[in-house]
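These notes are about the structure you will find just below.
The values are calculated or read from the model by the stated rules, or taken from the named source; none is laboratory data. From a predicted model like this one, the values you see are computed outputs, not experimental measurements. Ideal geometry is used to build each Cβ from the backbone, glycine not excepted, and the neighbour counts take in all protein chains shown. These area figures cover heavy atoms from the full protein model, side chains too; ligands, DNA and RNA do not enter into them. Shrake-Rupley method; radii C 1.70, N 1.55, O 1.52, S 1.80 Å.
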Amino acid sequence: MCGILAVFGCVDNSQAKRSRIIELSRRLRHRGPDWSGLHCHGNCYLAHQRLAIVDPTSGDQPLYNEDKTVVVTVNGEIYNHKELRQKLKSHQFRTGSDCEVIAHLYEEYGEDFVHMLDGMFSFVLLDTRDNSYIAARDAVGITPLYMGWGLDGSVWFASEMKALSDDCERFMSFLPGHIYSSKQGAMRRWYNPPWFSEQIPSTPYDPMVLRKAFEKAVLKRLMTDVPFGVLLSGGLDSSLVAAVASRFLAESEVACQWGSQLHTFCVGLKGSPDLKAAQEVADYLGTRHHEFHFTVQEGIDAIEEVIYHTETYDVTTIRASTPMFLMSRKIKSLGVKMVISGEGSDEIFGGYLYFHKAPNKEEFHQETCRKIKALHLYDCLRANKSTSAWGLEARVPFLDKEFINIAMAIDPEWKMIRPDLGRIEKWVLRNAFDDDQKPYLPKHILYRQKEQFSDGVGYSWIDGLKDHANKQVTDAMLMQASFIYPENTPTTKEGYYYRTIFEKFFPKNAARSTVPGGPSVACSTAKAVEWDAAWSNNLDPSGRAALGVHAAAYEESLGDKDTNQLHGSSQKLQEGLVEQAATVV
């Protein structure tokens, strides 16, 4: 990942202003430690902090068209850049950078080219011929982008809030799948997939179509000129990423440079569920596995840094970001600059445990749509900023545009969780890779119950965070929370604790408005909390809040009798699933 900063319409274009832009851009250097670039044109500035992944020797930014009248600063990867270059044969390219196609596509097609890009990206482009500019963000917001306005009438764009929060009177998160045009003075949505309307699809489930689409999504993300690996938690999603990457790595171009043995990485408290499962998957796949440990205290000590980098006070994001932040530092120390990760699957397939309570296929599908639309505020933000804090890039094949379209077109009746048919959460995905002739994964890994990352690294991690927050925040403080924080008022001591740290770094109203709020259970949207009346008394983003579903659900919220019944039925369900799955078609 790189860091971009662009400012248009500054009243002051003195040397002092240039120095200020450089200073603000420097706040993004963790995202791109390899090189810095700045282009000035009158009262317009485009700055870039580069993390060199493709064409490290000549792809420095900003990038230009042939006569340098079009300037672009980009954070992202364009996986189909070679195909796009074939459509631009009349253009002369200066570098081997995948992002240079953006400048030439603009020359060829004007502002209506963003839909042609297959990748993850945020970019700002300046046309110096008329001083017009555009800014755009990828389909679901894998890469971050913020937009702000200065008192002098200037318009700002930045990869992270910290680069513009001090100099802008107002700012906001740039909407995913949108483009801003200075000529129109407005934002419009360029990404218009069939599922966005939330109408219920009816395409029959075809496991081979789904499998091939995901394999294609993983393979295109092997585009790199630097060492890479896969984040492997041992859960279904990361294990499938590792299995596919490992299976096809030897045939790929990247194997010539970096070898055919895949590197995998996992983090957790000693003895955690993820560490054990990840090692088993790594042994099965024959990867070069790297296991990292952290203690609860080390995690707590990193919380302030995590909040500064992730720019959120959302409880579940901070819980999951902290181990990812610590792991990223270890990975970068090994010389690795890019990792492939499993984010997005739970949103697309209804993998969170609360989906067990979806009353019908219509509400199930609508909830998955809501979850995908909100990814830029949660898992995409976490995956990008936790890794970028250490100059590490995370790629997410489940959020491939083509794969999303195929997966979201499936009749949601197939995605519904049906224990009577042997279908647990994400059954359509598990079944697609259930190959007895040439197995991708062991059966018990393929059918392992969903474990949220913040839980899987070790249950005592969340318990330790709560205990720490209880010592920092008094009952009186929480009682007065609505007066201190009237917007998105924290309802727990843990939430209050994170909020106080966030406000220290980002004290403006605009900053706190970039963070979502509302009730949630096991990562649900507020709407889905209505699916079970008992959940309103147990609002917690941990998967263990899915009472009656998670095998290690919180016991303190239930009577002993109910708890035993729930654990018993949940355990029996898990034990029978592997056997049933082998016979279900």
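Looking across segment 201-225, the residues that are among the hydrophobic types (A, V, I, L, M, F, W, C) and open to solvent by 60 Å² or more (accessible area, probe 1.4 Å) come down to M208, V209, L219. Sub-7 Å Cβ pairs linking a first residue in segment 99-116 that is closer than 19 Å to K401 by Cα and open to solvent by 10 Å² or more (accessible area, probe 1.4 Å) to a second residue that is modelled with pLDDT of 95 or more and among the hydrophobic types (A, V, I, L, M, F, W, C), at least 6 apart or interchain, are H115/W190; M116/L84; M116/L105, ordered by first then second residue. Among residues that are farther than 30 Å from G110 by Cα and buried (at least 18 other Cβ atoms within 10 Å of the Cβ), L175 is not included.
All of (1) open to solvent by less than 20 Å² (accessible area, probe 1.4 Å); (2) touching a residue at least 12 places away in the same chain (Cβ under 8 Å); (3) not acidic (D, E) hold for R94 with one exception: (1).
Hey, any hits in segment 232-244 for a residue that's assigned to a helix (DSSP H, G or I), charged (D, E, K, R) and surrounded by 18 or more Cβ atoms within 10 Å (Cβ to Cβ)? Checking segment 232-244: at least one residue is assigned to a helix (DSSP H, G or I), charged (D, E, K, R) and surrounded by 18 or more Cβ atoms within 10 Å (Cβ to Cβ).
Among the residues of segment 431-439, is any modelled with pLDDT of 95 or more and outside any loop (DSSP other than H, G, I, E, B)? Yes, some residue in segment 431-439 is modelled with pLDDT of 95 or more and outside any loop (DSSP other than H, G, I, E, B). Only residues that are open to solvent by less than 20 Å² (accessible area, probe 1.4 Å), within 12 Å of A358 (Cα to Cα) and part of a loop (DSSP other than H, G, I, E, B) were counted in segment 521-540, giving 1. Confirm whether W461 is open to solvent by 10 Å² or more (accessible area, probe 1.4 Å), among the aromatic types (F, W, Y), touching a residue at least 40 places away in the same chain (Cβ under 8 Å) and not in a strand (DSSP E or B). So W461 fails the test. For D346, the requirement of being assigned by the TED database to the domain that holds T295, charged (D, E, K, R) and in contact with an Asp or Glu (Cβ under 6 Å, 6 or more places away or on another chain) is not met. None of D55, D67, D12 is acidic (D, E), open to solvent by 40 Å² or more (accessible area, probe 1.4 Å) and touching a residue at least 12 places away in the same chain (Cβ under 8 Å) except D12. Annotation note: of G37, G32, the sole residue that is in the same structural domain as K183 (by the TED database), at pLDDT 95 or above, of a type in the set (G, A, S) and open to solvent by 10 Å² or more (accessible area, probe 1.4 Å) is G37.
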